[in-house]
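Reading through the structure tokens given below for one structure.
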Amino acid sequence: MASVFESDERIGRNGREVRESLQQKNMRSQALTQATGELMNSGSAASLEMPFPVLMEEGDGPFLIDVDGNRYIDFQIGFGSMLLGHRHPLVQAALVDQAANRGWQFGLHNPNQVNLADQLIKGDNCAERVIFCNSGTESTMYAIRVARAFSGKPKLGVFDGFYHGAHDYGIGTAKPSSPRDAPVYQPIGAGVLPAVVENQIMLPYRSAAAFDLIRQHKDDLAMVMIEGVQSSNPHEKHELTAFLQTLKSVCAESNVLFMMDEVITGFRLAYGGAQEYFGVKPDLATYGKVLGGGLPIGAVGGRVDIMKLFNSMAMGDKKGIMSGGTFSGNPLTMAAGVAQTAFLDENRVEVYPRLNLMGQRLAGTINQYAREKGMGVQVLNAGSMFQIYFHEGEIWSARDTGGSRSQAETDFYLHLLDMGVLIPGTRRSFVSHVHTPELVDEASEIIKNSLDLVREDDLF
């Protein structure tokens, strides 16, 4: 069968062999994709370089199994949402009970909304009230809306390297030519209105220059948003704590709302997320992923004087905002979320130290190997969040993570896939509660082997 991979003179012998192997191993995925036409977004593929998506059929603890029967150690783990692994018995039982005995969509409030809100408030340092929505993207969208309504100011502060969801104000990047300490915002992709650009103030990540910019623009700034740990640039506690705590203080003195985006870090770094991990109390926090037990969810929590605007429009409050959605707070998601967060609450003393240790174990093993072999590769991690970089030298911000080794990265991730380790196309990776030390070590050996194969092809 002819190869479906594009030929490239830069591809070495190992690169050609892994492409042929993946094509042979994934015949059913390829056939199903061809039979249905171009109906799927290529971003669904495990590696962005796959010419067809690898279709997953089954999740089992720390593993995913595709339609061809190939099993992978899964470090995508539902883009971080499956903290307890796939098909955890408690979450599965809650879903079955809800669907079989109670129903799965009411369009009205249900008791588990109260229960899940209670679980969130137990951990969230700032939440006095909570609203639910359907995704992390929605949660940041609502947080932006309520911040503007509360403050009466139009602009948002975001950090170089940020990601706050797929809406217009959630995506962007710094112009490469702009100074590090005064980055200039530009949208990613087409369709973003000029007004979005005009109302975004980009701040330098992990730089004191950000504080000066906040003070300078305080009269127009409704809110500063930051991921507790940038998913594209994870750093450990000692590298971020002082910066985040100072950022909170500067926002408070400038009368600018401070929001922590906990969509990824919530219930992952600690039960109380990045707020607990770094000892920072924001005005608002947004949630997704782990909170829903693997089902679609978003949530906003925060100070009562801000959060009350979600309910006040119906009572004639001119600052009240519109919110809602057909599936917001739906019974299935609430049941799964309660099951997962209750388990985490009851077992937090065991779960979180172990999760963070597994992340450190993998990162430490690969970093030591790369140093010994003189490879320009490193793993950054914040607890159980990690990312592999083909980059020499310190990574201070997202600007440091680019480079000319795209072919090396491409082949590396194809080798991983071929040997049974799944890293998401975004490269943002996660350890789950069910990744054992033995499994982490097995994956580490595969990562080492993949690096060796790429080096043999003289790609780095």
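Only residues that are basic (Lys, Arg), within 20 Å of PRO234 (Cα to Cα) and touching a strand residue (DSSP E or B) at 6+ places or on another chain (Cβ under 8 Å) were counted across segment 157-216, and they come to 0. Of all the numbered requirements in (1) of a type in the set (Val, Ile, Thr); (2) over 29 Å from GLN98 (Cβ atoms); (3) crowded, with 19+ Cβ neighbours inside 10 Å, ILE321 misses one, and that requirement is (3). In this structure, does GLY374 turn out to be on the phi > 0 side of the Ramachandran plot and either of a type in the set (A, V, I, L, M, F, W, C) or loosely packed, with under 15 Cβ neighbours inside 10 Å (or both)? Taking the combined requirement at face value, the residue satisfies it. Residues in segment 225-233: is at least one surrounded by fewer than 19 Cβ atoms within 10 Å (Cβ to Cβ) and not polar (S, T, N, Q)? Within segment 225-233, none of the residues are surrounded by fewer than 19 Cβ atoms within 10 Å (Cβ to Cβ) and not polar (S, T, N, Q).
Just give me the residues in segment 382-402 being touching a helix residue (DSSP H, G or I) at 6+ places or on another chain (Cβ under 9 Å) and aromatic (Phe, Trp, Tyr), in sequence order.
Result: PHE386, TYR389, PHE390.
Restricting attention to segment 35-73, the residues being within 27 Å of ILE11 (Cα to Cα), modelled with pLDDT under 80 and more than 23 Å from the chain's Cα centre (by Cα) number 2.
ARG148 meets the conditions (1) surrounded by 22 or more Cβ atoms within 10 Å (Cβ to Cβ); (2) under 16 Å from MET322 (Cα atoms) in every case but one. The failed one is (1).
Would you check if GLY85 is over 30 Å from PRO154 (Cβ atoms) and either modelled with pLDDT of 95 or more or exposed (fewer than 14 other Cβ atoms within 10 Å of the Cβ) (or both)?
Yes; evaluated as a whole, the condition is true for this residue.
Of the strands (runs of 3 or more DSSP E) that lie entirely inside segment 43-116, those containing 2 or more residues that are among the aliphatic types (A, V, I, L, M) span 63-66. Within segment 62-74, the set of residues being closer than 21 Å to GLN387 by Cα and not charged (D, E, K, R) comprises PRO62, PHE63, LEU64, TYR72, ILE73.
Picking from residues in segment 380-397 that are in a strand (DSSP E or B) and in contact (Cβ under 8 Å) with a residue 24 or more places away in the chain, the one that is nearest to TYR413 (Cα to Cα) is ILE388.
Mind telling me which of the residues LEU453, LEU459 ends up being out of contact with any strand residue (DSSP E or B) (no Cβ under 9 Å at 6 or more places or on another chain) and part of a loop (DSSP other than H, G, I, E, B)?
Result: LEU459 is the single residue among LEU453, LEU459 that is out of contact with any strand residue (DSSP E or B) (no Cβ under 9 Å at 6 or more places or on another chain) and part of a loop (DSSP other than H, G, I, E, B).
The values are calculated or read from the model by the stated rules, or taken from the named source; none is laboratory data. Worth saying up front: this structure is predicted, and the values here are computed from it rather than measured. Note: ideal-geometry Cβ built from the backbone for every residue, glycine included; neighbour counts use all protein chains shown.
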